[in-house]
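What follows is one structure encoded as structure tokens, with my remarks underneath.
The values are calculated or read from the model by the stated rules, or taken from the named source; none is laboratory data. The shown structure was predicted, so the numbers you read here are calculated from the model rather than taken from an experiment. Every residue, glycine among them, receives a Cβ derived from its backbone with ideal geometry; neighbour counts consider all protein chains shown.
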Amino acid sequence: MNRSILIPVVAVVLALGLTAGCDRKGPEVRADNPQIVASFFPLYDFARALAGTNFHVVCLTPPGGDPHAMEASPQLARSVSDAELVLLLGLGMDGWVEKLAANERKSRISVASLGIAPKRVGKSALAEFAEADHGHSHAASADEMDPHIWLDPVLAQDIVRRIADEMIAVAPQHRKDVERRRDAFLLELKTLHEEFVSGLANAKRRQLVTFHGAFAYLFARYQLETVGVIELFPGDEPSAAYLRKLVDLMRQLKMRVIFAEPQLPDRPAQVIAKEIGGRVERLDPCETILPDAPQSTYLERQRRTLETLCRVLNEP
């Protein structure tokens, strides 16, 4: 494999015209309803499921936007300032919203990851080689917290309970409605968990190579393992030597599928797939509203991930 494999991973370009107010079309809500702003898609989707017509829910990260790399704008600042409740994840995922909310006295701020034991970004089979290959240490990056807790349907239930409690705190008059929707949504999440358990219980394979290490919580819950990633550290372009090692590992493990993400360019994955005589599939980290399917919910997207895993991991 030559150095043509060294292909930059293209960053997501945020359209300046896309601003706060990414609320989906749905039941009409009153203009004077309490406003909730969520930093990015999963918190927004959970809050929307609980809100009904009692709250106005806004997503600060626009469709296709990268919640890791958003820049605070005056319009986003106004959205946070106008909100009764600001939903953050924490764990370094949405620090830009934390900064906007820090000076707001009237907004109630909720950090969804509180009370959930975080996992650290683990080292794949290629991590030590990558550090040597880059000529500098990424030890600090390997020690960072993995923020993708929402991908675990069991931990997602904890997040939903916290959001529901916060919504009741800012609008106690809507307690019964919020509790009713909470209980219904928790039941759906429990069903999703059971579907993952039964669907993956007898998978023939349990090792995967993904675009980046976004699936630690999901895979730990269902006894799957990430053995390699294309982008070992966020935004850190892999070298040709590192990608050759990744190809060698996949050949050694007789792997024919590499997983990309629907929100990101898959050209590096396509190059690797060609080298191993395989193909690219996609796993969705559910970080952002999908530009081509903005109405798609967390539950729908997670079921597509499950379908993909079941199909690929049971192939010969």
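Some points to look at:
- Residue pairs whose Cβ atoms lie under 8 Å apart, separated by 6 or more positions or on different chains, with the first residue in region 191-205 and touching a residue at least 60 places away in the same chain (Cβ under 8 Å) and the second among the charged types (D, E, K, R), are 192/303; 195/303; 196/221; 204/315; 205/315.
- Residues being in contact with a Leu (Cβ under 9 Å, 6 or more places away or on another chain), among the β-branched types (Val, Ile, Thr) and within 17 Å of residue 227 (Cα to Cα) - total across region 251-285: 3
- Residues satisfying the stated conditions in region 167-218, i.e. closer than 30 Å to residue 273 by Cα and surrounded by fewer than 19 Cβ atoms within 10 Å (Cβ to Cβ): 195, 197, 198, 199, 201, 202, 203, 204, 205, 206, 207
For every residue, the table says whether it meets (1) among the charged types (D, E, K, R); (2) assigned to a loop (DSSP other than H, G, I, E, B); (3) in contact with a strand residue (DSSP E or B) (Cβ under 9 Å, 6 or more places away or on another chain).
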position	(1), (2), (3)
237	yes, yes, no
262	no, yes, yes
303	yes, no, no
316	no, yes, no
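- Residues that are charged (D, E, K, R) and under 23 Å from residue 199 (Cβ atoms) within region 216-233 comprise 221, 225, listed in sequence order.
- Residue 168 passes every criterion in (1) without any contact (Cβ under 8 Å) to a residue 12 or more places away in the chain; (2) out of contact with any Lys or Arg (no Cβ under 7 Å at 6 or more places or on another chain) apart from (2).
- Considering only residues in region 219-229 that are touching a residue at least 60 places away in the same chain (Cβ under 8 Å) and either in contact with a Pro (Cβ under 8 Å, 6 or more places away or on another chain) or assigned to a loop (DSSP other than H, G, I, E, B) (or both), the one that is farthest from residue 257 (Cα to Cα) turns out to be 221.
- Region 33-87: number of residues that are out of contact with any Phe, Trp or Tyr (no Cβ under 8 Å at 6 or more places or on another chain), among the hydrophobic types (A, V, I, L, M, F, W, C), modelled with pLDDT of 90 or more and in a loop (DSSP other than H, G, I, E, B): 3
- Sole residue being in contact (Cβ under 8 Å) with a residue 60 or more places away in the chain, surrounded by 19 or more Cβ atoms within 10 Å (Cβ to Cβ) and not in a helix (DSSP H, G or I), chosen from 309, 232: 232
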